[in-house]
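Presented below is the structure to which this report refers.
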Amino acid sequence: MTITLKVNGHDHQIDADPDTPLLYVLRDDIRLNGAKFGCGLGQCGACTVIVDGKAVLSCVTPVLLLDGKQVTTIEGLGTIDAPAPIQRAFMEEQAAQCGYCIAGMMMRAQALLQRNSKPTDEQIRAELEPNLCRCGTHMRILRAVHRAAQLMDTAELSPSLEGSVQ
Amino acid sequence: MNGPGNLDRRQILAGGGALIVSFSLSDAFAQDQAAPAPAPAPAPAHPPKWIGSLKETPFLDSWVRIDADGGITVFTGKAELGQGFKTAFQQIAAEELDVPFKSLKVVTADTGRTANEGYTAGSHSMQDSGTAILNAAAQARALLIAEAARRLDVPAENLRTENGAVIAPDGQRLGYGDLVAGNLLHIQAQPESTLKDPSKYTVVGQPVPRVDIPAKVTGGASYVQDMRLPGMVHARVVRPPSYGAQLIDYDAAAIEAMPGVVKVIRSGNFLGVAAKKEFQAIKAMRALTASAKWNETARLPKQEDIARVLLGLPSQDSTIFERKNPAAVGLKTIEATYTRPYQSHGSIGPSCAVGHHVDDVTTVWTHTQGVFPDRAGIAEMLRVPPAKVRLIHAEGSGCYGHNGADDAAADAALIAREMPDVPVRVQWMRDQEHGWEPYGPAMVTKLKASLDDSGAIADWNFEVWSNTHSMRPGGAGSLLAAQHMAQPFAVPAPKPLPLPEGGGDRNAIPIYTFPNAHVVHHFIPAMPIRISAMRGLGAYHNVFSIESFMDELAIAANADPVEFRLKHLEDSRGRDVIKKTAEAFGWKKGQKAPDGRGYGFAFARYKNLAAYCAIATEIEINRETGCPRLVRAVAAVDSGQVVNPDGIINQVEGAIMQSMSWTLYEAVTFNDTRITSIDWQTYPIVRFDAVPQSIEVHIIDRPGLPYLGAGETGQGPAAASVANAVANAAGKRLRDLPLNRKKIKDAIDV
Amino acid sequence: MTRTRIIASAVAALLIGGGAAAFAVAWRPAIAAIEPPAPKSFDPALVKRGRDLAALGNCTDCHTVRGGKTFAGGLPVPTPFGTIYSSNITPDADTGIGTWSQAAFRRAMRSGINREGQHLYPTFPYDHFTNVTDEDDDALYAYLMTRPAVHAPTPANQLSFPLDQRFVVAGWKLLFLRRGTYAPDSAQTAEWNRGAYLVEGLAHCGSCHTPRNALGAERAGASFAGGDVDNWNAYAINARSPSPVPWDTAALFSYLRQGWHPDHGVARGPMAEVVSNLSSVDERDVHAIATYMTSVFGAPTPDQMRRGNEVLAKAKAPAVPASQTEVPGASIYAAACATCHETGRPVPYGGVNLGLSTAISGPDPRNVANIVLSGIRPVEGERSPIMPGFANSMTNDQVAAVLNYLRSRFSNQPAWTGVEKTIEEARRTQTVSLQTSPPPHNAPADPTQRDKP
Ligand code: FES
Ligand code: FES
């Protein structure tokens, strides 16, 4: 059946069964790479995306739950040339080894930063708990999230680039 | 950007600085046929000491290619696994060629394009491939200068290189592209290269940001999992429920009637299904799993008893080290047995491969660590000559050794051959990765040593019992698909890996100097559980054992653990990393950790011939629950000439985190028939709430000395350091890995 | 998860009880302070017994802040009238019980009075501990006095007058505190008596599982008829048990010991911590508890037996894919729940067949709402079941649809009322607990048995 899904600001008409987990719709139908398949069981966080501002495990979220909701993946945050603060932060901290877990980490961190722009180290650790990294990149991931918080902060303080016609 | 929508293969593969550079299949075959890899040259009479893989692949243009437009491509037969060496290679080549870092491209393992460098393993990439690229680049630069000298009629000494051009004293520039006309670089390497003076390095030694990270953090197509070829179908394999299970029955008709299902594939005990869409394939796989009936046999040993089982198996015993000095007499003797369970690689992304069978040639994109050996195995399985199979490395999730990658590649090849012309993506499920990957082997070590009247070690006995540490494909029999198919291939007989690197005996020989020493390797051919290479191989357990026992001896000698190590160590580079770590950690003789905490120290030189690493840790344990927590770790590493310091730090940080997780938590579990640790519930690893406050890694740079690699050097020392800190905190020594909460709680008693 | 162990009405009780009581009973003498005894002065065997008793009494649970130092107290217990903090029971002289003599400790356990002579709030379940023998109190004392001393002042309770006056508690005691130690029943076996002694005393099972009266005391005559704790329903564990399959001693023993049972599922909420403590004690004690509790449950009626066998048979039959997706909630169940709860993988790593779930047959939807929203979090470094929570991916309406569907499909009970309100409440408390529980959360011990699949 055809369902409509809002992903990264675009409406997508998708032909998929309503019980299809969001993960496969994102990867298979919309051909996005950000959400990763790690376990399909809600145990590792590799598939984390943001739905209406909240971190969601896309592998255990059937699309039938998403009617009218906004989905954001890592592709929706920024690009290589115009990276979002969290993407810049992960690049600057070189916060990846294999990098497979990283997009999920970033999306969960992004959701945290959107609701709490100045999280404590404790809060970041608590928030990232559902996400696994096997390479042991944890220390860098934590540093990158702190840096992202700072970058977002300065981005807010400096006069907004969009909107100001100069 | 590689956004959705435009699905031309070339663009996807090239996307976002990903591993796979732009090429097309037809190119590939043309190359394979038109330009076969040069036959290995006879080895020079006096092989140079330090040219890495140039030994086996001596033509310079196998490593460095310069196009007429000045474009430069560097080739490596190694596979980027997230260690970041692709960036390091690019640094090395840019440095020696005097070209901007960004102007180079690096192409990694591809049986159609790159040198055969065997496996990407054993922290060898920098040593083998990095060194080959270094020398090839230096020699290429020398050739370019010579050619310019000829053309300009200026002595070569008067020419210099800069920014991709040879510059004459009068300022004339000849671009590399102009100079390479003809087959300038199709020439065998010389035994010696004129290398740049390390003090003049501008790119090497710098923390150049990794080339692969931007795509990975913006959703680029970075992994084999991200490949989408036109017309591609999604396949899933239904593995037997246990080793040796026989397929009796399944309902093909019902499954083939399911929406989207293209084909059910069966060959003997190999069962798979392909569907148009991924979730359709998963649903079909579930239905197929439910309908399949298997005959299983109970043939696994008792998990709790694995050490005794191993000791009871027949072994091939060899004394691998012996030193005698009757003058040294031991007065006080202690002994101990250390054990390790089977442990999982546990990649976050289950293995995946894409196969495409066209015109009798099977191409597989795979995250194998060895495209050439895996090709040999797959060709044998398909019963075709190797030329009919091409393997192209594409990055996967971190693998830390031989995980399911090669098996998934074989699955893809087998299924693709059943579906000619249709690209097939095979993605393993979580339980398949956990249940079928070849684990890091269980091991037992027995140590016995005596102290003399000065508190020095007078004699040292070390025995290790272990399976082999590599069942990597070489033959088809190593591959699950080949074992399961009709007309199956038998698992090849395991072989011990030869010293000096060794397998189960890797790092079994002590680096310390003892007047009497006796080291025995008991190689056990029978493998009750499927095993193969896991990061560090035997070094993980052997260093854990040796360095735990050094602490036990230091305590018996009433000596400080750091001093005690220095007292027995002559190697000056080893002494340097020990001192550096102790100093940075704030290690003090006679120190006492705060209540509930403990300090630990450990050191090793990986394989006794690669990088040096010492690690100090502070552990906190909860007295009531036994719950251990790493508070901080400090490491010092000497891996020779540093190419990318941040890359080394990243590797060692990761090794500490991962080894801590192995050491405190991890064991593969099984009952008499099936593996029972099949996901993250049943095979827990470190999560963020156990992440330490800090990890500090110090590098001792050795300009001009050979690259020693860093990927595995931290594994053993981290384990022993953590174990020593646990012993220090709990007041009792634990010797049976993992040192989990329950064991610590029991050790603390009340 | 923040523990709100006290019931709101208990606070009201203090007020009324306090008014009714004479000041005469309020005063108790202080017991002289002592130098904290040297840990070495205690017999190690006694300390070890004390450790097991403390586990049976689940002491860490209330006296430890999540992620904090064990027994250092300070756990906030919010009530509508203010917050009460658990006390520091480490042997710290200034802020703990370091200056308490053995006699002072016994008096606290028996009568709810601290060393200084002040009444303790009945959040400390001395109405059960009065049953504990002197020998066991002494073992507990030995154990606690040999723990590391932690300097951690207990935050002042935030109660308004007159509730902040401890003498008020005296009146409550007058009304509700039954004194005397446990009297064995000679008609029963020794094991049964041991179980009864533990259940009624140190293990204080009734504190959660017995409903409370308007004055906040356990209702006489309604023992184990089900109560409330931490926004969870503590099920009736007597003849009124809502469990679809009747409990027997073997099932109870393995549930209490390993934290799960194939016919009942996995212990969750506050019970997870109880079973995690029980995993470390002498298994004979757990067996004794199971034996006694089986008699409290009573023999199942033929009707209960029949129903139990029915649901077991259904649970074991191959799953029939839910077809009536037009029923609200059915399609969500099929897509989001059935993939784990109908795989046939055994409990605890496979989801329990929901026909067997007590939560779904229970009197209100709180427990299911909690689980659906929050899931089951892994225990650090231990084999433990994981269930993803759906708080971020489901709206309240969607959760309600699932809950109503589960109730109608998997129980023979009438529909719940107030499902939407329960979900809102569960979401609110979940948010609060996420904000207030700092990591690292330290599982007290094995919350589940991890040795077997
Ligand atoms: S892939 Fe979704 S949680 Fe692991
Ligand atoms: S970077 Fe490899 S799994 Fe996290």
May I ask you to evaluate 6.51 cos²θ - 1.76 cosθ + 1.60, the Karplus curve with θ = phi - 60°, for each residue of region A:131-147 and list the ³J(HN,Hα) values in order in whole Hz, giving x for glycine and proline? 9, 9, 10, 8, 6, x, 8, 3, 4, 6, 4, 4, 4, 5, 5, 4, 5
Cα-based Rg then Dmax for chain B, in Å, read 26.9, 86
In square angstrom and rounded to 100, what buried accessible area do you get between chains C and B, total over both, with the probe at 1.4 Å? 2500 Å²
Roughly what % antiparallel, to the nearest 5, for the DSSP beta bridges in chain B? 75 percent
Whole-percent carbon and sulfur share, accessible surface of region C:26-176, 1.4 Å: 59 percent
If amide hydrogens are placed 1.01 Å from N in the peptide plane, which non-local residues have theirs closer than 5 Å to the one on C:LEU159? C:THR83
Please give, to one decimal in nm, the separation of the simple spin-label points placed at B:GLU570 and B:ALA336, each 7 Å out from Cα toward the Cβ. 2.6 nm
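Can you give the mean number of other chain Cβ atoms that lie within 10 Å of the Cβ atoms in peptide C:386-398? List each step's numbers first, then the result.
Numbers: counts 11, 5, 10, 4, 6, 2, 11, 14, 3, 5, 0, 0, 3.
Mean inter-chain Cβ contacts per residue within 10 Å come to 6.
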Helix axis angle, C:44-56 relative to chain C longest principal axis, alpha carbon, degrees: 50 degrees
What whole-number value in Å² describes the accessible area per residue of region C:178-289 for a 1.4 Å probe? 39 Å²
Interface call, region B:276-290: threshold 10 Å², probe 1.4 Å, accessible heavy-atom surface of protein chains, chain by itself vs complex, result B:LYS277, B:GLU278, B:PHE279, B:ILE282, B:LYS283, B:ARG286
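Which FRET efficiency value, to the nearest 0.05, is calculated for B:PHE321 and B:ALA556 with the Förster distance at 22 angstrom and r the Cβ-Cβ distance? Working shown, then result.
Values: r = 23 Å, r/R0 = 1.03.
So the FRET efficiency works out to roughly 0.45.
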Under a point spin-label approximation (7 Å from Cα along Cα-to-Cβ), what is the A:ASP11-C:THR133 distance to one decimal in nm? 7.6 nm
Once amide hydrogens are built 1.01 Å from N within the peptide plane, the residues lying 5 or more places from B:GLN343 or on another chain with amide H under 5 Å from its amide H are B:GLY440, B:VAL668
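Just the accessible area per residue of region B:61-131, please: how many Å² with a 1.4 Å probe? Let's see the in-between values first.
Numbers: 1680 Å² over 71 residues.
Counting only protein heavy atoms, the per-residue value for region B:61-131 is 24 Å².
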In whole Hz, with x marking every Gly and Pro, tabulate ³J(HN,Hα) for region B:441-458 from phi via Karplus 6.51 cos²θ - 1.76 cosθ + 1.60, θ = phi - 60°. x, 5, 9, 10, 10, 10, 10, 8, 8, 10, 9, 8, 6, 9, x, 9, 6, 8
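Once you sort the root eigenvalues of the Cα gyration tensor of region C:323-438 as a ≥ b ≥ c, which label holds: rounded (a/c under 1.5), prolate (a/b larger than b/c) or oblate (the other case)?
Details: a/c = 1.68, a/b = 1.13, b/c = 1.48.
It is oblate, given that a/c is not under 1.5 and a/b is not larger than b/c.
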So how much accessible surface do C and A hide from each other in total, probe 1.4 Å, in square angstrom to the nearest 100? 1500 Å²
Do you know which residues of region A:5-52 lose at least 30 square angstrom of accessible area in the protein assembly compared with their chain on its own, with a 1.4 angstrom probe? A:ASP19, A:TYR24, A:ARG27, A:ASP28, A:ARG31, A:ASN33, A:LYS36, A:PHE37, A:GLY38, A:LEU41, A:GLN43
Could you run the numbers on buried accessible area between A and B, total for both chains, 1.4 angstrom probe, in Å² to the nearest 100? 5300 Å²
Do you know which residues of region B:196-223 lose at least 50 square angstrom of accessible area in the protein assembly compared with their chain on its own, with a 1.4 angstrom probe? B:ILE213, B:VAL217, B:THR218, B:GLY219, B:TYR223
Which loop trypsin sites (Lys or Arg not before Pro) in region B:585-645, with loop taken from DSSP, have no more than 14 other Cβ atoms within 10 angstrom of their Cβ? B:LYS588, B:LYS589, B:LYS592
Which whole number gives the average count of other chain Cβ atoms within 10 Å of the Cβ atoms across peptide B:166-179? 0
Listed pairs A:LYS36/B:LYS277; B:LYS196/B:LYS579; B:LYS283/C:LYS316 exceeding 19 Å between Cα atoms: B:LYS196/B:LYS579; B:LYS283/C:LYS316
Got a sec? Which residues in region C:222-255 would a label at C:SER295 touch, if it sits 7 Å along Cα→Cβ and we count backbone N under 11 Å? none
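Averaged over B:672-682, how many beta carbons belonging to a partner chain fall within 10 Å of each residue's beta carbon?
Numbers: counts 0, 0, 1, 1, 5, 3, 3, 8, 12, 18, 8.
Mean partner shielding for this stretch: 5.
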Sort C:203-212, C:149-158, C:129-138, B:410-419 by packing, meaning the average of other beta carbons within 10 Å per residue, with the highest value first. B:410-419, C:203-212, C:129-138, C:149-158
What is the distance, in nm, between label points placed 7 Å from the Cα along the Cα-to-Cβ direction at C:ASP303 and at B:SER291? 4.4 nm
Hey, can you grab everything whose amide H is under 5 Å from the amide H of B:VAL389? Only 5+ residues off in sequence or another chain; H modelled, so Pro and N-termini drop out. B:THR362
May I ask you to list the aspartates and glutamates whose Cα is less than 14 Å away from that of B:LYS588, ignoring any residue fewer than eight positions away on the same chain? B:ASP560, B:GLU563, B:GLU618
The answer for the net charge of residues other than B:ALA275 whose Cβ lies under 9 angstrom from its Cβ, with Lys and Arg +1 and Asp and Glu -1, is +4
FRET efficiency for B:GLN206 and B:ALA181, Cβ-Cβ distance as r, R0 = 30 Å, nearest 0.05? 0.35
B:GLY440 neighbourhood, Cβ < 14 Å, K/R = +1, D/E = -1, net charge +3
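Of all accessible surface on region C:182-317 at a 1.4 Å probe, what whole percent is carbon and sulfur?
Working: 3110 of 5610 Å².
Ligands and nucleic acids excluded, carbon and sulfur reach 55 percent.
Can you list the GluC sites (Glu not before Pro) in region B:502-606 that are in a DSSP coil and have 10 or fewer other beta carbons within 10 angstrom?
Details: sites: B:GLU547, B:GLU552, B:GLU563, B:GLU570, B:GLU583; in loops: B:GLU570.
Loop-located and lightly packed - B:GLU570.
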So if the hydrodynamic radius of region C:182-317 is defined as the Kirkwood radius over C-alpha pairs, what does Stokes-Einstein give as its diffusion coefficient at 10 °C and 1.306 mPa s, in µm² per second? 102 µm²/s
Answer rounded, prolate or oblate for chain A, using the Cα gyration tensor with square roots of eigenvalues a ≥ b ≥ c: rounded when a/c is under 1.5, else prolate when a/b is larger than b/c, else oblate. oblate
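Rounded to the nearest 0.05, what FRET efficiency is calculated for A:THR154 and C:SER160 with R0 set to 45 Å and r the Cβ-Cβ distance? If you can, show how the numbers build up before the last one.
Numbers: r = 45 Å, r/R0 = 1.00.
That gives a FRET efficiency of 0.50.
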Rounded to whole Hz, the Karplus (6.51, -1.76, 1.60) HN-Hα couplings of region C:385-402, x for glycine and proline: x, 10, 10, x, x, 10, 4, 7, 10, 10, 7, 4, 5, 5, 4, 4, 4, 5
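The values are calculated or read from the model by the stated rules, or taken from the named source; none is laboratory data. Because the structure is a prediction, the values reported are computed rather than measured. Reconstructed Cβ throughout: ideal geometry from the backbone, glycine too, with neighbour counts over all protein chains shown. The area values use the complete protein model at the heavy-atom level, side chains included, leaving out ligands, DNA and RNA. Shrake-Rupley method; radii C 1.70, N 1.55, O 1.52, S 1.80 Å.
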